[in-house]
1. Among what's in region 85-110 and is of a type outside the set (Ser, Thr, Tyr) and farther than 22 Å from Ile321 by Cβ, pick the residue that is surrounded by the most Cβ atoms within 10 Å (Cβ to Cβ).
2. If you take the residues of region 251-278 that are touching a residue at least 24 places away in the same chain (Cβ under 8 Å) and of a type in the set (Gly, Ala, Ser), which of them is nearest to Pro217 (Cα to Cα)?
3. Among the residues of region 356-386, count how many are buried (at least 21 other Cβ atoms within 10 Å of the Cβ) and under 21 Å from Pro312 (Cβ atoms).
4. Would you mention how many residues in region 341-382 are among the hydrophobic types (A, V, I, L, M, F, W, C), part of a loop (DSSP other than H, G, I, E, B) and touching a helix residue (DSSP H, G or I) at 6+ places or on another chain (Cβ under 6 Å)?
5. On the basis of being buried (at least 17 other Cβ atoms within 10 Å of the Cβ) and small (Gly, Ala, Ser), does Gly261 make the cut?
6. Restricting to region 308-328, give me the number of residues that are touching a strand residue (DSSP E or B) at 6+ places or on another chain (Cβ under 9 Å) and part of a loop (DSSP other than H, G, I, E, B).
7. I'd like to know if region 163-182 contains one or more residues that are without any contact (Cβ under 8 Å) to a residue 24 or more places away in the chain and polar (S, T, N, Q).
8. Quick one: is Val313 of a type outside the set (Lys, Arg), at pLDDT 95 or above and not assigned by TED's automatic domain parsing to the domain that holds Cys243?
Amino acid sequence: MAKKKAAVAKKAAKKKAARKSTQFKKAVAKKGAARKATKKTAKAVPSIIVPTAPEDPQMDRLREEIRENWDVLNVQRIKAEEVLDEWRAELLATPGVTGCHVGLRRVKKQIVFPLSFCIRVHVGQKLQPNHPQLLQMLPSARDGVSVDIHEASYRLAAGLPPEEACEAELIGGIAIAFEDTTANWGTLGLCVTSNEKLVMLTNKHVAGENGNAIVQPPSKVVPGGSPIIGKVLAGIRNAIVDCAIVEPDGSRPVKAGIKVGASVLPGKYEAGELDIFDQLFRTTVFKIGAATGGEPIRIGRVRTINGSVTIPVFGPLSSQIIVDSINGNSIIQGGDSGSVLIKQVVRGNSIRNFVVGLVTAQMDGGLGLVASHFREVRNRLGISIS
């Protein structure tokens, strides 16, 4: 009897194991089929492609030297930042100086090896190294830290209103302005969350003062000539950020995402941050503004994550992200103020758009841009990306 019971139990266990094995195989097959379907769907849906930056021929050597000597280089970087912090106010008050940051030494835009950090001074017009005016204004070194000179001028990235269409939805990347102006316009950067409600993020110099009515499209002919979409809820402009949020009035649907031409930038949107290695390895970033929001997307490389610039009429900005264009191509135009700066990470079918900055200004000729760190904007306005 005992043997018979054991045989029955053994047979039942085998059947149970077979059922489990079959279920497991079916589940695996189902997941595999789902993955294949997802891949087919992903291939079938037209996707916006962010261009890939050309490889910097110096990058392999740069990575190797940083890996081997980072401890020494980092001590040197920290000292240079401390020297610049003490010198910054005096330096930015010097005639002709438009900005400054700490970076690797370069000659004719090429990194100098072995690596060393220096203070890079931005000037409106670069003079010859032995020019008397240059020697009088700027030393070749400050407290043991070498000084390099870089030619760049900056201005706000607002612009005169073009013939913009009236958008059916309020979404990132479209043109907006405050009601009582025909002089300048900017970009609705992204719809974000404030106190569990969707609001529209842009620059304060685009939106103006609290309570201002915001219109879309910007009025080209007379103030008040375009439909109102909301009012300024809060705005902050200081030496670190230039930001504002607009509360929609309910006249149009509010949509998450950023418009690129007739499509929407695919992927998940998240708050992100740049660090010193994004600067050293010249991470590729992009923005989608109302003036330059079509395809192909215009990309640039991070020059610094801690730059200072002086903007005519507007004043100084510190702790800024500065991005250079690639191959001398324009990456920004008037009207792109208020767009968000994005670092995109793609792995397989996963696309993650990390919002790292809020664009405020441009270099002359559109050869670069200036953006406040998104963490600073987020903390001051109390917003999040949902």
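1. Looking at residues that are of a type outside the set (Ser, Thr, Tyr) and farther than 22 Å from Ile321 by Cβ, I get Gly96.
2. Filtering region 251-278 for residues that are touching a residue at least 24 places away in the same chain (Cβ under 8 Å) and of a type in the set (Gly, Ala, Ser), the one nearest to Pro217 (Cα to Cα) comes out as Ser251.
3. Here the count works out to 11.
4. Qualifying residue count, region 341-382: 0.
5. Here the answer is no, as Gly261 does not meet what is asked.
6. Total meeting the criteria: 4.
7. No - not one qualifying residue is present in region 163-182.
8. Here the answer is no, as Val313 does not meet what is asked.
The values are calculated or read from the model by the stated rules, or taken from the named source; none is laboratory data. Every value quoted in this text rests on a predicted model; they were computed, and no experiment measured them. Using ideal geometry, Cβ is built from the backbone for each residue, glycine included, and neighbour counts are taken over all protein chains shown.
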